[in-house]
Amino acid sequence: MKKFLVIIAAGAFAVATFAASAASGKALTAQAKVSKPHARALALKAYPGKIVKEELEKESGGSGLRYSFVIRHGKVSHEVGIDAETGKLLENSVEGAASD
């Protein structure tokens, strides 16, 4: 019974965390002046390949709000950062080479 309660509590925490993350994601999206499709196009222009991960996040540099994309071309993955307010390229480096 104790193990069952722990599993239920962990599940409830995960659902609450996901809901909070979704709410903060919507708030960030509302702040962005550059649309996600436009940011994707800018990122792929900077490093052509396949986008395998993307997120909108608050991070230092530029306006403080940026789209981060991991783009794979062959065996190489790059992290490409696009400023969500200006569309400026903030980062284009081999994934893991630059600290976030």
Please go through the range 71-83 and pick out each residue that is more than 24 Å from ALA30 (Cβ to Cβ) and either in contact (Cβ under 8 Å) with a residue 40 or more places away in the chain or surrounded by 17 or more Cβ atoms within 10 Å (Cβ to Cβ) (or both).
ILE71, SER77, HIS78, GLU79
Filter result (surrounded by fewer than 17 Cβ atoms within 10 Å (Cβ to Cβ) and of a type outside the set (Gly, Ala, Ser)) within the range 31-46:
GLN31, LYS33, LYS36, PRO37, HIS38, LEU44, LYS45
When the range 37-62 is checked residue by residue, the ones that are of a type outside the set (D, E, K, R) and in contact with a helix residue (DSSP H, G or I) (Cβ under 9 Å, 6 or more places away or on another chain) are ILE51, LEU56
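Determine whether the range 34-43 contains at least one residue that is out of contact with any Cys (no Cβ under 6 Å at 6 or more places or on another chain), of a type in the set (D, E, K, R) and at pLDDT 85 or above.
yes
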How many residues does the range 47-62 hold that are buried (at least 16 other Cβ atoms within 10 Å of the Cβ) and within 11 Å of HIS78 (Cβ to Cβ)?
2
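The values are calculated or read from the model by the stated rules, or taken from the named source; none is laboratory data. Predicted model, so just to flag it, every value in this text is computed and none were measured. Virtual Cβ from ideal backbone geometry, glycine too; neighbours counted across all protein chains shown.
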